[in-house]
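The values are calculated or read from the model by the stated rules, or taken from the named source; none is laboratory data. Owing to the predicted nature of the structure, the values given are computational and were not obtained by experimental measurement. No Cβ is skipped: glycine too gets one built from the backbone with ideal geometry, and neighbour counts run over all protein chains shown.
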Amino acid sequence: MKKVLILLLSIIVAIVAADKLLLPFLTESGAQTTVPDVRNMNYDTAASQLRKAGLNATKSYNVRYLPDVPPDRVIDQVPEAGAIVKPGRSIALVLNRQDKPSYPMPDLVGRTEAEALRELERLGMVVSSVQTQAVSDSDQDGRVLIQSVPPDVVLKSGNEVSFIVGKLEQEPLGMRRVIVPDVLGMSVDQARGVIVRNGLAVGKIIYEYSDLLVPDTVISQNPSANAMVQFGQPVELTVAAGSN
């Protein structure tokens, strides 16, 4: 009889324990809650809203400073609003940086306009103006010539910068200047072709007789080689004519 009573008491204790401990655990493990939308709130307000929903908040900062968003403002959250999670889940809040980050000014000279704009946007700089300057070198066309802030100067994100880009402009033929090619030692026919291909004209040809020089070879030119002259200017040649 005594053993029966002990067995009954054990069963009652087990039932009470299950009611007080096991059932609440099972109920809690199956509970769910909806993540509220806390974007655009400051961190303290967002954390308070999450606590009311039975959730926790963790803080992280965005890589870039957003100039149009107040500091310490929630700009994103993970999991997103509306997600179904278990109570006690941590919600990662991404905040705008409290201070504007600083960066060394990159060297933009030689880069294309598009490359310069992308780099400045990545650093959060504000491009106040992009001007153009006429260039005669095609390699400078569309590329940065001058920047308002020298390279390596430390600026805060949001600072204004500007730069000048080259724009290729062909001069009118009447004002264009070219370099006189060196045609000494060439035959007359070769010299004519080189002169014309360089935007010049073949001028007067003078023959000088000589026993020492190869006939029909250019021995002198005017203007001289490498002189800068107007487009279309004639080049006079002195050519060896052999002996009399």
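The figures follow:
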| item | result |
| --- | --- |
| Region 168-203 - residue that is basic (K, R) and loosely packed, with under 15 Cβ neighbours inside 10 Å and, of those, modelled with the highest pLDDT | R197 |
| Residues of region 43-61 that turn out to be at pLDDT below 90 and either loosely packed, with under 15 Cβ neighbours inside 10 Å or of a type in the set (A, V, I, L, M) (or both), as a count | 2 |
| Where I206 falls short, out of the listed (1) assigned to a strand (DSSP E or B); (2) without any contact (Cβ under 8 Å) to a residue 24 or more places away in the chain; (3) not aromatic (F, W, Y) | (2) |
| Count of region 86-104 residues which are under 18 Å from N159 (Cβ atoms) and in a loop (DSSP other than H, G, I, E, B) | 6 |
| Region 152-170, residues that are farther than 10 Å from Q131 by Cα and assigned to a strand (DSSP E or B) | V154, L155, K156, E160, V161, L168 |
| Selected residue [closer than 30 Å to K167 by Cα, among the aliphatic types (A, V, I, L, M) and surrounded by 15 or more Cβ atoms within 10 Å (Cβ to Cβ)] from L123, L95 | L123 |
